[in-house]
1. Which of Trp43, Trp250, Trp365 has the fewest other C-beta atoms within 10 Å, and how do the rest follow up to the most?
2. Send over the per residue convex hull volume for the stretch 31-143, Cα only, as a whole number of Å³.
3. According to the Kirkwood expression over distinct Cα-Cα pairs, how big is the hydrodynamic radius of the stretch 42-104, in Å?
4. Show the residues, 5+ positions off or on another chain, whose built amide H is closer than 5 Å to the amide H of Ser255.
5. Provide His409, His393, His425 in ascending order of the number of other Cβ atoms located within 10 Å of each residue's Cβ, fewest first.
6. For a quick check: sort Ser265, Ser58, Ser493 by the number of other beta carbons within 10 angstrom, fewest at the front.
7. Karplus couplings for the stretch 100-108 from phi (6.51 cos²θ - 1.76 cosθ + 1.60, θ = phi - 60°), rounded to Hz, Gly and Pro as x?
8. What are the residues whose amide H is under 5 Å from the amide H of Ile262, where those residues sit 5 or more places off or on another chain and H is modelled from the backbone?
Amino acid sequence: MSSTVSLKFPMQTLEPSTKNAASLAPRLRSIGRASPNADDPRWQLARRIAASGMLGRSQRLAAFLLYIVDRHIHDRADEITEQQIGVLVFGRAEGYDANDDNIVRSYARNLRKRLDEYFATEGKEETLLIEIPRGGYAPAFSLRTVEASTHTEGLVTPEATALASTQADVCAQIQDPEDERISPSSLMEAVSVPVDRDTVEERRAPRRYGMVLVLCIGLALGLSLSSLHPLRLLKHLGASPAEEVSNRLWSQLFSGDRDTFIVPSDDGLIIMQGLTERPVPLADYISGNYRMNLRTDKVPGAPELLKLGRRRYTSVVDLELVAHLEQLDQVVPSRAIVRYARNLHMDDLRVGNAILIGSDEANPWIELFQPRMNFRFSFNPGAEKQSGIVNIHPRAGENAIYGTPGPDHTYGLIAYLPNLTSTGHVLIVAGLNTAGTEAAATFLLTPSLMMPMLQRARVAHGGLQQFELLIGAGNIAANASIPQLVLERIGPS
């Protein structure tokens with residue numbers, strides 16, 4: 001994979017909240033409680049948007065919107081600041097450094113996109129609009145304007161008006177395939193107008209309205225074709241069979257009705273684990289306790305290493321995969337969120353899709369899904385027990401563990417599983433080291449390598465069932481050579 005990384009959607013590098021995420025719901029309910037907002041149309045609009053599907057069931061986006069609208073209505077603009085929003089909505093500590101923690105800016109970008117989508121879809125009938133102008137967080141309200149075409153008044157004759165009305169009726173009937181009135185006889189009645197002037201007009205009428213019928217059909221076809229981006233249409237027409245099969249996987253991971261979180265590894269975590277000489281459990285990772293009271297005695301330069309461990313680092317291999325994913329035609333930009341592992345929340349893995357990237361040491365979220373998997377990471381820093389990818393149920397001829405990466409080989413893993421509530425999907429792309437992750441990513445992004453397995457994983461309705469792939473590759477100077485499929489499992493373990 002190329003070493004050049006270019007990202008279209010922003011990398012969200014956010015610190016975890018110091019408060020429990022469960023405290024968000026009470027804060028959300030408290031905004032506007034016992035408040036005179038109830039009859040204010042601005043507050044009613046904000047509540048409709050917060051309850052809509054457009055916010056992707058994100059309590060944080062809803063709380064953000066309700067907070068700024070509530071303060072705006074009460075003329076408390078001095079509280080609509082990045083610092084105040086971070087503290088009161090996202091639970092940050094008083095006096096936190098907004099330059100290091102960009103959670104408010106990241107959520108504001110996402111909220112602006114969701115508002116645009118809402119008024120273009122679910123809220124297309126709303127007469128009152130809300131936006132958040134860039135450069136600040138205070139909401140602005142305006143009335144939806146309907147442009148009237150008045151420049152042709154006086155030029156329309158009654159005959160032209162009648163003809164336009166008849167044409168509109170014909171189009172309306174043709175475009176409604178469920179309308180039981182559309183039958184050969186009713187269609188003839190719609191396009192033939194009885195006249196009693198002369199036989200010439202009688203002969204012209206069917207021809208004239210036949211042309212209207214052709215125009216309506218052409219218009220409908222034109223609108224449907226215009227919705228397809230020309231480049232995407234060309235790609236679709238020129239796609240190989242292997243690419244078509246891979247597209248099924250990406251179509252299930254990226255959709256317009258839920259967020260997809262792309263989560264690169266936290267490589268600063270590896271520094272921490274090196275200092276503590278033990279793996280960091282997910283519970284400690286979520287709470288941040290792993291960064292407190294570390295055993296750093298007898299470790300040269302420990303204070304400086306701790307500073308590095310607390311910063312946000314990720315692998316170039318991970319970012320290369322993110323850049324490749326971003327170029328997929330199936331990606332919905334407003335629904336694809338790149339989120340640093342340290343800032344992911346449990347709720348994200350319950351309601352959204354996710355792609356978890358990185359070695360098992362650098363992305364503890366993989367731990368949540370390992371009980372469902374046959375191939376599981378086993379990280380043992382000591383020399384007394386082998387680390388590697390454990391094969392829980394080895395078959396004939398298979399090893400029980402595919403061990404610690406050596407100077408000339410490594411292993412990676414690709415796993416496609418349900419999310420925590422089985423309402424979405426999670427894709428794990430990980431390795432025993434950076435080269436192992438690179439091998440798994442290369443295999444995943446090569447349609448010809450993925451096609452045979454994806455065909456075996458296909459179910460009757462066209463979707464994909466759970467699968468796991470153990471990938472092996474040569475390890476040359478920390479870079480993976482051509483990856484190969486070592487083992488596979490299809491279906492729940």
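Please treat every number below as a calculation from the coordinates, not as lab data. Here the structure is a predicted model, which is why all the values come from computation and not from measurement. In this analysis, Cβ positions are derived from the backbone assuming ideal geometry, glycine residues included, and neighbour counts consider all displayed protein chains.
1. Values: Trp43 19, Trp250 15, Trp365 23.
Result, fewest neighbours first: Trp250, Trp43, Trp365.
2. Details: hull volume 11.6 nm³, N = 113.
Spread over its residues, the Cα hull of the stretch 31-143 gives 103 Å³ apiece.
3. Working: mean 1/r = 0.0809 Å⁻¹.
Result for the stretch 42-104 stands at 12.4 Å.
4. Amide H neighbours of Ser255: Val332.
5. On the way: His409 20, His393 10, His425 23.
Taking fewest neighbouring Cβ atoms as first place, the list is His393, His409, His425.
6. Numbers: Ser265 29, Ser58 22, Ser493 15.
Ranking Ser265, Ser58, Ser493 by Cβ neighbours within 10 Å, fewest first, gives Ser493, Ser58, Ser265.
7. 8, 10, 9, 4, 5, 4, 5, 5, 5
8. Ile337, Val338, Arg339, Ile355
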